[in-house]
Each structure stands twice: as C-alpha cells, then as structure tokens.
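Take a look at the structure below.
Throughout, read-outs are computed from the coordinates displayed, never taken from laboratory work. Computed from a predicted model, the values in this text were never measured in an experiment. All Cβ positions, even for glycine, are placed from backbone atoms using ideal geometry, and neighbour counts span all protein chains on display.
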Amino acid sequence: MKRSFFVVTVSLLLASCASIVPHNDNGQIDMTPAAISQLGDAKYWIVVRPITYVEHRTGKTIVVPKGFVTDLASVPRQLWSLLSPIDSYMTAAILHDYLYWDQRCGQEEADIILNVAMKSYGVSSDKRHAIFDGVRLAGKQSYENNAQLKQKGESRFLSDEYVERLLKQYIDHTITWERVKKDAAENHGLIPDTSNEHIKEACAAASNMD
C-alpha cells in the first residue's frame, strides 16, 4: 500500500532540528524552523515553507524560498551513523546548499556562514568543525558543479503550485529528483529564483561574524 506522498513532510520538527526557533543575543544568525518533504529515494528534499535567516546584528536577511530542492548536508550514507543529515545542523546546511546553488555569494563566504549558523544554533564544537572541515575540503567541486548545471539552464526551484500538487501525490522509491525535474519542466513547474535581491550584502554581513 502506498503512503501519501511527502507526508514524510518533516515539518520539521525532526525532534533535534527545529522544534525551537534559535535566537542568539550575541548577534549571529537567527533561523526560522525548517519544513521540508523528502522525495522517494530520500536523496533530495523540497522546502515546503520559506526558511528565513537573519544576521542578528545588522538585520540582513536571506530567505530560502518554498520549492527549493536540497540534498541537505550531502553526507555520504556510510557516515550517517556519525553525521546524519537529519540533525541539529540541518537548517544551517539547507542555507549552505542554497548559497552553493545560488552562487551570488562566494564559496568561502557560504562555508563561513554555515559555520556561523551552526554555532548560532548550538551545534557542538566537534561536530561543527568536522562538517566545516569537510566542506572546505570537498566543497569546491560541488560549487563548480552547480555553476556548470546553472550554465546549462538547470533550475532547483519548483513553483508553489507544483509543490502543492506533489504534496497530494503518493510516494515510492521511483519518485526521484530526476523524475520530478523532468515532469516539472514539462508542466511549467520549474521557475527561476527571484528572492534575496540583496543577498551579497547579507552574505558579507554574516560571513564577517565568524
């Protein structure tokens, strides 16, 4: 029997991640809770409600829009027992993935912002350093691969209407990002990202907090 599609919507309140909105009086990055839904192979997730990140000192804001498709922290499955992508750093990882895709901020800025966001959320120092060191070592290839995909015209943003349609469908292992992307392209469900007009200024403010 098939399960309702995306009713693995992690609203996410995935116990460790977003049950409390982190607020930081020391002036780093505040984040609203992540609400995401997984695709059938659990490799990609769709943001089903905008996630807002605020650099607390200046008020500069970055919003990951509804419909953004993310692979979370890109942690290899064999390491999930040590660094599961569903963890306290997940909301920070979504921002990092978005910045890597968007590319209006540099790779180094995005990596620093990931570290600041994890620190703001209260991620342990050991875990934060392991993740940060990993993206510093392996992130260049991901950042460059995203640039190539964008040059080819790929989008990782689904329209509100298409997301709502997906939420009413059924889930199985065949509902992959490749399948969804093809169907969305054929049905006008892929859109450009028009959010975050001042993202460069927001990145500069947040990355200077490290």
Original post:
Counting Lys +1, Arg +1, Asp -1, Glu -1, what net charge surrounds residue 50 among other residues with beta carbon under 11 Å of its beta carbon?
Top reply: +1
Subject >> For residue 170, residues with placed amide H under 5 Å, excluding near neighbours >> reply: 5
Subject >> Reachable aspartates and glutamates from residue 43, criterion Cα separation under 17 angstrom, eight or more residues apart if same chain >> reply: 71, 87, 97, 172, 178
**OP:** Amide H neighbours of residue 48 under 5 Å, at least 5 residues apart or on other chains, H built in the peptide plane: list them.
**Re:** 35, 36, 37, 67
**OP:** Take the alpha carbon atoms of the stretch 28-49, find their center, do the same for the stretch 158-192, and report the distance between the two centers in whole angstrom.
**Re:** 15
**OP:** Give me the net charge of residue 87's neighbourhood, meaning all other residues with Cβ under 12 Å from the Cβ of residue 87; Lys, Arg count +1, Asp, Glu -1.
**Re:** +2
Subject >> Per-residue Cβ neighbour rank within 10 angstrom, fewest leading, 190, 114, 167 >> reply: 167, 190, 114
Original post:
What order do you get for 174-180, 51-57 when each peptide is scored by the mean count of other beta carbon atoms within 10 Å, highest first?
Top reply: 51-57, 174-180
Original post:
How large is ³J(HN,Hα) for each residue in the stretch 189-200, as worked out from phi by the Karplus curve 6.51 cos²θ - 1.76 cosθ + 1.60 (θ = phi - 60°), to whole Hz, x for Gly and Pro?
Top reply: x, 8, 10, x, 8, 10, 8, 6, 4, 10, 5, 5
